[in-house]
Amino acid sequence: MESPKPAKPYAKPSGKRRGLLLVYTGEGKGKSTAAFGLALRAHGRGLKVRIFQFIKHQGARFGEHRALSQLGIPLEGLGDGFTWRSRDLNRSARMAQEGWERAKSTLLSGDWDLVVLDEATYPLRYGWIDLSEFLEVLRSRPAHVHVVVTGRGAPEALLELADTVTEMRKVKHAFEQGVPAQKGIEH
Ligand code: ATP
Ligand code: MG
């Protein structure tokens, strides 16, 4: 029996390899962990990897922070850990802007092969980081630099600019069955 043809056949590789913009978005679990998985893969191939987290605070010691620091992959928390629950939204906004300045110079320096901007969609949605500036920096980064952006509700213009977009769809989540967040699975 003939196997069904894919609706949209993949393009035959014809272009050159280059730095990619990958976006992991959607409501399902797995966006940040997919980014860390890619960081692990890239590190294993000798790529220089650096991770920025826009929501987590600098002192966070989740499982990924422990493992990545053992591997010598720098991970920086740029937020105060609270965002919309924060008592001081001006402070959160200021921290996001300062963090973005650091991430921006890292992206533009070309010294890092893979830069992860974890949960960057939130400061973009709140207007703490200007979307058009964010996109401009991504467009003008050195050609070899891979970038991963994670977070729910990625802006349409970011999806358009991206090379690879994956939407995590929630089918089920243990939280809905009353299971609280667990060490090693959620943090
Ligand atoms: P992970 O860090 O596990 O890859 P994520 O990055 O896709 O998750 P976020 O939207 O950043 O998810 O949310 C972070 C936390 O919320 C994680 O602890 C995750 O388990 C939990 N979470 C993710 N999706 C859901 C959901 N649909 N319902 C409840 N909790 C969720
Ligand atoms: Mg996440």
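Place a +1 charge on the Cβ of each Lys and Arg in the stretch 27-177 and a -1 charge on the Cβ of each Asp and Glu, then give the dipole magnitude about the Cα centre in debye, rounded to the nearest 20. Could you put the intermediate results ahead of the total?
Values: 22 positive and 19 negative charges, 112 e Å.
Charge dipole, the stretch 27-177, about its Cα centre: 540 debye, nearest 20.
What aspartates and glutamates could a cross-link reach from K29, if we take a straight Cα to Cα line under 20 Å and drop same-chain neighbours fewer than 8 places away?
Qualifying aspartates and glutamates at Cα under 20 Å: E64, D118, E119, E167, E176, E186.
So between S109 and Q97, what do we pick up on full extension, going 0.36 nm a residue minus the alpha carbon distance? Intermediate results must be reported in sequence, preceding the final value.
On the way: separation 12, 0.36 × 12 = 4.32 nm, distance 1.83 nm.
Here the segment from S109 to Q97 would lengthen by 2.5 nm.
Counting other C-beta atoms within 10 Å, and keeping those with at most 10, which DSSP coil chymotrypsin sites (Phe, Trp or Tyr not before Pro) do you find in the stretch 8-38? Working shown, then result.
On the way: sites: Y10, Y24, F36; in loops: Y10.
Answer in residue order: Y10.
Give me the Kirkwood hydrodynamic radius of the chain in Å, from all C-alpha pairs, to one decimal place? Present the calculation step by step, with values, prior to reporting the outcome.
On the way: mean 1/r = 0.0566 Å⁻¹.
Result for the chain, one decimal place: 17.7 Å.
Please work out the Cα convex hull volume for the stretch 19-73 and give it in Å³ per residue.
Values: hull volume 5.4 nm³, N = 55.
That works out to 99 Å³ per residue.
Find which of P123, L40, W112 sits farthest along the positive direction of the dipole of the chain, computed with +1 on the beta-carbon of Lys and Arg, -1 on that of Asp and Glu, about the Cα centre.
L40
Given R₀ = 25 Å, FRET efficiency for S132-R18 by Cβ-Cβ distance, to 0.05? Could you put the intermediate results ahead of the total?
Details: r = 23 Å, r/R0 = 0.91.
Efficiency, from the Cβ-Cβ distance: 0.65.
What accessible area per residue comes out for the chain, rounded to a whole number of Å², with a 1.4 Å probe?
Values: 11690 Å² over 187 residues.
Accessible area per residue: 62 Å².
At a 1.4 Å probe radius, carbon and sulfur cover how many percent of the accessible area of the chain?
On the way: 6160 of 11690 Å².
Accessible surface attributable to carbon and sulfur in the chain totals 53 percent.
The values are calculated or read from the model by the stated rules, or taken from the named source; none is laboratory data. Nothing here was measured: the structure is a model prediction, and the numbers come from that model. Counting neighbours? That spans all protein chains shown, and the Cβs are built from the backbone with ideal geometry, glycine included. Protein only, heavy atoms only, side chains kept; ligands, DNA and RNA dropped before computing areas. Shrake-Rupley method; radii C 1.70, N 1.55, O 1.52, S 1.80 Å.
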